[in-house]
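This report concerns only the one structure given below.
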Amino acid sequence: MEDRGFELTLDLQENYRFVVDFDREGVPPLLMDEPQPLGDDRGPNATRLVAAAVGNCLSASALFCLRKARVPVSGMQTRVRMALTRNEEGRLRIGGIDVEIHPVVASADLARAGRCLDLFEDFCIVTQSVRAGVDVTVDVRPPAVAPGSGS
């Protein structure tokens, strides 16, 4: 299996606001925040980004397949609904993600579009990884002492 990867950085700004640096030329940083009462709701939180990532990956995969099949797409709208549930310990978890993709194609291209729409999901990195349950490792480094905070 081919091994590719990347790294990005999140820096705490204030309260629960983080700025994400994607380490990509020309890609602006993204402000993330938690909704109230924890944060100030000034940006999407991680749960919304997971929903956006799944929706974007599926949309891009469908669009790629349609274009490769030479099906002109004049528009596309994707709606993602995320269900939040509580586990046995009462902690919130993602209970499910429903995605509706609405490509706009000419009626003459519907047959070719159908083939793409039967197979595009398998090529979406994010959706297939989420479905399989991605392994996540966490390493918390020893806390650093803030300057001027004493000993």
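Tell me whether the stretch 85-107 contains one or more residues that are in a helix (DSSP H, G or I) and over 30 Å from Val19 (Cα atoms). Show your work before the answer.
So in the stretch 85-107, the residues in a helix (DSSP H, G or I) come out as 107.
Narrowing further to those that are over 30 Å from Val19 (Cα atoms): 107.
Looking through the stretch 85-107, at least one residue is in a helix (DSSP H, G or I) and over 30 Å from Val19 (Cα atoms).
State the number of residues belonging to the stretch 14-59 that are farther than 28 Å from His102 by Cβ and among the polar types (S, T, N, Q).
Residues flagged as farther than 28 Å from His102 by Cβ and among the polar types (S, T, N, Q) within the stretch 14-59 amount to 2.
Where residues in the stretch 101-112 are surrounded by 11 or more Cβ atoms within 10 Å (Cβ to Cβ) and under 25 Å from Val130 (Cβ atoms), which of them is modelled with the highest pLDDT? Show your work before the answer.
First, pick out the residues of the stretch 101-112 that are surrounded by 11 or more Cβ atoms within 10 Å (Cβ to Cβ): 101, 103, 105-106, 109-110, 112.
Checking which are under 25 Å from Val130 (Cβ atoms) leaves us with 101, 103.
Details: Ile101: 93, Pro103: 89.
Applying the filter and picking the extreme gives Ile101.
For Gly43, indicate whether it is in a loop (DSSP other than H, G, I, E, B), out of contact with any strand residue (DSSP E or B) (no Cβ under 9 Å at 6 or more places or on another chain) and more than 15 Å from Leu92 (Cβ to Cβ).
Numbers: in a loop (DSSP other than H, G, I, E, B): yes; out of contact with any strand residue (DSSP E or B) (no Cβ under 9 Å at 6 or more places or on another chain): no; more than 15 Å from Leu92 (Cβ to Cβ): yes.
No: the conditions fail for Gly43.
If you go through the stretch 76-95 one residue at a time, do you hit one that is surrounded by 17 or more Cβ atoms within 10 Å (Cβ to Cβ), touching a Ser or Thr at 6+ places or on another chain (Cβ under 9 Å) and not polar (S, T, N, Q)?
So in the stretch 76-95, the residues surrounded by 17 or more Cβ atoms within 10 Å (Cβ to Cβ) come out as 78, 80, 82.
After this cut, where a residue has to be touching a Ser or Thr at 6+ places or on another chain (Cβ under 9 Å) as well, the list is 78, 82.
Pick out the ones that are also not polar (S, T, N, Q) and you get 82.
Checked against the condition, which is being surrounded by 17 or more Cβ atoms within 10 Å (Cβ to Cβ), touching a Ser or Thr at 6+ places or on another chain (Cβ under 9 Å) and not polar (S, T, N, Q), the stretch 76-95 yields at least one hit.
Here are some conditions: (1) in contact with a Leu (Cβ under 8 Å, 6 or more places away or on another chain); (2) surrounded by 11 or more Cβ atoms within 10 Å (Cβ to Cβ); (3) outside any loop (DSSP other than H, G, I, E, B). Ala52 meets all but one. Which one does it not meet?
Here Ala52 meets the rest and fails (1).
If you go through the stretch 9-33 one residue at a time, how many are within 24 Å of Ala146 (Cα to Cα) and outside any strand (DSSP E or B)? Lay out the reasoning, then the answer.
To start, the set of residues in the stretch 9-33 that are within 24 Å of Ala146 (Cα to Cα) comprises 9-21, 31-33.
Filter again for outside any strand (DSSP E or B), leaving 15-16, 33.
So the answer is 3.
The values are calculated or read from the model by the stated rules, or taken from the named source; none is laboratory data. Small disclaimer: the values here were computed from a predicted structure and weren't measured. Please note: Cβ atoms are built from the backbone with ideal geometry, for glycine as well, and neighbour counts cover all protein chains shown.
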